Structure formats: structure tokens, C-alpha cells
Amino acid sequence: MGISDGSKYAYIAARVRAMKSKLIPKEMYPKFLNMEIPEITRFIGESEYKKNVDEISKKYSGTDLFEHALNENLALTYRKLLDVSQGEANFLITEYLRSWDIWNIKTIIRGKFSGASEDEILEDVVSAGQLRYRDIIEIVKIDTVEGVIAAFAGTPYYSVLKEYSGDLADIEDKLDKMYYSNLLKAASSTENKLFLKYLMKEIDLKNLKLLFRMKRGGMEREDILKMLIPGGFELKDADLNRLSSLSFDEFVRALEDYSYWKAISDVSEELSSLWNVETRLDKYAQSYITSISYYYPLSILPVLSYIISKKIEIDNLRIIVRGKETALKEDIIKTHLVM
Amino acid sequence: MAAELIDPVAVAAQAKGLIAIGAGIAVGLAGIGAGMGEQTIGAAAVGAMAEDEKFFGKGLLMTVIPESIAIFGLVVALILLFVF
């Protein structure tokens, strides 16, 4: 990595490091568990989320206010990364954040499919990708799924969306596959091989989560294979083929051969709920990207580390508030947190 | 015969000229080196400051650290000009 390679990332890397220092420290989460929702909302309203809470408090209150403020903060934070980055960094961040476009497209189509109202759909939209919020509002106004798909003509997602023939899951799988395929191509065009390795591991983790859920749900091998995303680091096509044909218990035992086992081994005996496993896998992803971001401090890796840490912070806050709202026990809420 | 052709005044002037060129190269290259260092540190300092103004002092300090290389170049140039 030459001087010019490093200097083009110096600005954005230092900026995200400063932004990362403002994230809520993990020591705060146990304190949140002892607080009531109004106390947490007040604390959040005095933190980095102040602007979002103030703006949205005119329209919403209680947990809805919280939910909307978190979504808006996440979208604005990611959009800021796009605005302050240039060149290769901007290109890679744009490609990575397209996952939010996919999220929004899925949300809108699912909403229209199930007959949800415009407000209900917009509640779950996070305009952190390339699709602008004002465009999403217009698309949400369309009544039919076919109309919504037609509205995406001209976007890179249309080539997949136009294949829609009533099978929602099929389109969703294809969108995910397209996203990762494009992202791997973008990552391959850079010199930073650790970035590519991380993305491949991310695919592995996503596949593992899918396998756990599908195996638990007792789905057939062919149906599972259709959903899995190719291009993983350790879980190659042959591994996915083998794992998807095993029973749930055999599948869990077979994971001992992979490096991800050390992340989930301590919860492998208590798999009554898959939350434990998913939380551990999320933690593994965060720890891994954070550790490799120190190897290449002047690269896209610190930015990616921030993007993932920010998402985890938002998810943790949401879990705490939703858990408190439904009067879940602290221990249960705690197992769902990625700390 | 050859010795008679060498003009001591011209040789002294030539030596002085070479010393001046050497001094120029010392300052110039040191300046370029310092600039390359400051390019990265300056960009990072501005990035950190954009997020948090408290980084102004540290950022400024870090940015001027490569300036010492330029000073080394200047010292070498002064030694060349005034010692030799």
C-alpha cells in the first residue's frame, strides 16, 4: 500500500474513528436494562440522537418515537459516510450500503403483498442506500406489487425484480444473491484482500444463520440450497451441499470443523432459541472486522467496522426498548444484545 | 601545463555553485518529503476535526511533526553554505 493509497483513505478513516468514539459504550447497555423506557428515551435524546429525537417528537411518542429516531439516525449516519467519502472509498461504501436498498425493496414489496398501509411500510424503511426517501414515499403510494416493481425500472435491481411471478421468497433470494455478487466484484477490484475476505465471511455467517433457521424449520435440502448465497470463505458450494442435507443435530456437530465453531460452541448445548447463535455470529463479525481494521488503518476496513458497529448499536437499543415495552426479563433481553 | 590552465578563482566559484545546488537539493527534497508526510496526516487531522473540534490541538501538532524533516534539510543547507 503506497503513500497515495493511504492518503486517499486518511480523511474518511480518521473521521469514522472519531465517529466510532461517539458510539454508546458497551458498559452502558446493562445500565439501560435497569432504566425505564422514558429514562432511556431521555438519555438517547441527550446523546448523538438528540437532533433526530427532537425532529420526530412532533409526530410520534413513546416507543414509536424511539423506533423512528433510530431509523432516521441510521439512515443519516450512513448517508453522511457517502457524502464525506470520495473515489474508491465512496464506491465501496455505496456498494456495501446497497443492502439497505434491498431491505427497502423487500419491505415495500412485502408490505404491498400483505396489504400493509403506507405508514406501516414507511415505519420500516431505512433510506441509507441509493434510493432516496422522497422516491420511496412515491413508490409506497403505488397500490400493486407489479406497479411497485415497474417503479424500479432504471435501477440495477429491476433486472431481478422483473422476473417476479408471484413468488416473493424467490425474488428476495435473487436480490440477496445479486447484492453479494456485485459486492464481491467491487471488492475484487481493490487491492485490499482483507476486505474481500471479510465479505466472504459475511456471506458464510449469513448462510449459517439461514441454515440454522431452515434446519430448525425442517426444510428440504433443495429449498435450503435455493436460499443460500454462493461465494463464502469457508462454506463453499460443496460444504453448503453437505450441511444442507444433514439433520439439525448432525449439522450442529458438523460445524465443529469450521472456524465459526469457536464463536458458537458455548451455546451449542442450548439451542432451544436460535437468538443465542445469531447474537454470537453478529459479535464474531463485529470482532473480526474491528481486528482486521487495525491491520490496514488507512483503508475501507475502519469504515466498514464503523458501519457494522453502528448497526449493532441501533439493533441493541431497539431490542432493549422493545423488550422493556413487552415486559421481558432483563436476562432474556441481555441474551439478545450484541456486546 | 594543465595546472596552468586551471583558474583558482573559477574553481572556487564552481565549488560555491555546486554547494548552492547541494543546499537547494537538500531543502527541496526535504520539503517534498515533509509534504508527503503532511498530506496524509493533514487529511486525517481535518477528518477528525470535522467530527470533533477538540482534535484541533492534537491534529495541528501531528500535522507539523513531518516539518522536522524540512528543518533537517534546512540545517544541512546552512551547514553546506556556511561551513564549507
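Build a GNM of chain A with springs between Cα atoms under 10 Å apart, and of A:ASP176, A:ASP249, A:ASP124 the one that fluctuates most is A:ASP249.
Annotation for A:PHE113 and A:TYR164: the two label points, set 7 Å from Cα along the Cα-Cβ direction, are 0.9 nm apart. Along the axis of the charge dipole computed for chain A (Cβ charges of +1 for Lys and Arg, -1 for Asp and Glu, origin at the Cα centre), the listed residues A:LEU298, A:LEU240, A:SER159 are led at the positive end by A:LEU298.
Calculated FRET efficiency, A:LYS197 to A:LYS22, Cβ-Cβ distance, R0 = 30 Å: about 0.60 to the nearest 0.05.
Between the residues B:PHE82, A:LEU70, A:ILE56, the greatest Cα displacement towards the positive end of the dipole of the protein assembly as shown, with unit charges on the Cβ of Lys, Arg, Asp and Glu, is found for B:PHE82. Take each residue in B:34-46, count the other chain C-beta atoms within 10 Å of its C-beta, and the mean is 5.
Counting Cβ atoms of other protein chains within 10 Å of each residue's Cβ and taking the mean over peptide A:7-20 gives 6. For segment A:1-152, the normalised intensity computed at q = 0.18 Å⁻¹ comes to -1.13 (log10 of I(q)/I(0), Debye sum over alpha carbons, equal scatterers, no solvent). Magnitude of the charge dipole for chain A, about its Cα centre and with charges confined to Cβ atoms of Lys, Arg (+1) and Asp, Glu (-1), is about 960 debye. Across the protein chains, with a 1.4 Å probe defining accessible surface, the residues A:TRP100, A:TRP261 rank A:TRP261, A:TRP100 from largest area downward. Using a probe of 1.4 angstrom and keeping all protein chains present, the accessible surface of segment B:40-84 works out to 68 square angstrom per residue.
Annotation: average projected area of segment B:1-42 is 3.3 square nanometres, based on the convex hull of Cα atoms across all directions. Length available on full extension from A:LYS59 to A:ARG242: 0.36 nm per residue minus the Cα-Cα distance, which gives 60.7 nm. Taking every protein chain into account, the 1.4 Å probe leaves A:GLU88 with about 60 Å² of accessible area, to the nearest ten. Dividing the radius of gyration of the alpha carbons in segment B:40-84 by their Kirkwood radius gives 1.29 for Rg/Rh.
Protein heavy-atom surface of chain B, 1.4 angstrom probe: 79% of the accessible area is carbon and sulfur, with nucleic acids and ligands not counted. Residues in segment A:178-309 average 44 Å² of solvent-accessible surface per residue, probe 1.4 Å, ligands and nucleic acids excluded. What number does segment A:131-243 give for Rg over Rh if you use C-alpha atoms and the Kirkwood radius? Rg divided by Rh gives 1.03. When the alpha carbon gyration tensor of the protein assembly as shown is reduced to an equivalent ellipsoid, its three semi-axes come out at 53, 26, 23 angstrom, largest first. Remark: accessible area buried at the B-A interface is about 1000 Å², both chains counted, probe radius 1.4 Å.
Available extension along the chain between B:ILE21 and B:VAL9 is 2.5 nm, counting 0.36 nm per residue and deducting the alpha carbon span.
Rounded to the nearest 20, the Cβ-based charge dipole of segment A:193-295 about its Cα centre (Lys and Arg +1, Asp and Glu -1) stands at 360 debye. Rounded to the nearest whole Hz, the Karplus-based 3J(HN,Hα) values (6.51 cos²θ - 1.76 cosθ + 1.60, θ = phi - 60°) of segment B:66-75 follow the sequence x, 4, 4, 5, 5, 5, 4, x, 5, 4, with x at glycine and proline.
Taking all protein chains as shown and a probe of 1.4 angstrom, A:LYS262 keeps an accessible surface of around 150 Å². 3J(HN,Hα) couplings calculated from phi for segment A:323-336 with the Karplus curve 6.51 cos²θ - 1.76 cosθ + 1.60 (θ = phi - 60°) are, in sequence order, x, 5, 4, 8, 6, 6, 5, 4, 4, 5, 4, 4, 5, 8 Hz; Gly and Pro show x.
Once both axes come from the Cα atoms, what is the angle between helix B:8-51 and the longest principal axis of chain B, in degrees from 0 to 90, rounded to 10? Rounded to the nearest ten degrees, it is 10. Note that segment A:40-120 presents 47 Å² accessible area per residue, ligands and nucleic acids not counted, probe 1.4 Å. One Cα centroid belongs to segment A:212-261, the other to segment A:40-114; the line between them spans 32 Å. The candidates B:MET62, A:MET200, A:MET219, arranged from most to least accessible area with a 1.4 Å probe in the full protein assembly, appear as B:MET62, A:MET219, A:MET200.
Simple point charges give the picture: +1 on the Cβ of Lys and Arg, -1 on the Cβ of Asp and Glu, and for segment A:218-278 a dipole about the Cα centre of about 200 debye. For chain B, the C-alpha radius of gyration sits at 1.75 times the compact-globule guess of 2.2 N^0.38 Å, with N the residue count. Per-residue extension of 0.36 nm, minus the Cα-Cα distance of A:TYR294 and A:TYR133, leaves a gain of 54.5 nm for this segment.
Between A:SER273, A:PHE251, A:SER287, the Cα set farthest toward the positive side of the dipole of segment A:193-295 (charges on each charged residue's Cβ, about the Cα centre) is that of A:SER287. The share of C-alpha pairs in segment A:193-295 whose separation exceeds 24 Å stands at 18 percent.
The values are calculated or read from the model by the stated rules, or taken from the named source; none is laboratory data. These numbers come from a predicted model, not from an experiment. Quick reminder, even Gly has a Cβ in these numbers, built from the backbone with ideal geometry, and neighbours come from all protein chains shown. Side chains are part of the model used for accessible areas, which takes the heavy atoms of the whole protein and leaves out ligands, DNA and RNA. Shrake-Rupley method; radii C 1.70, N 1.55, O 1.52, S 1.80 Å.
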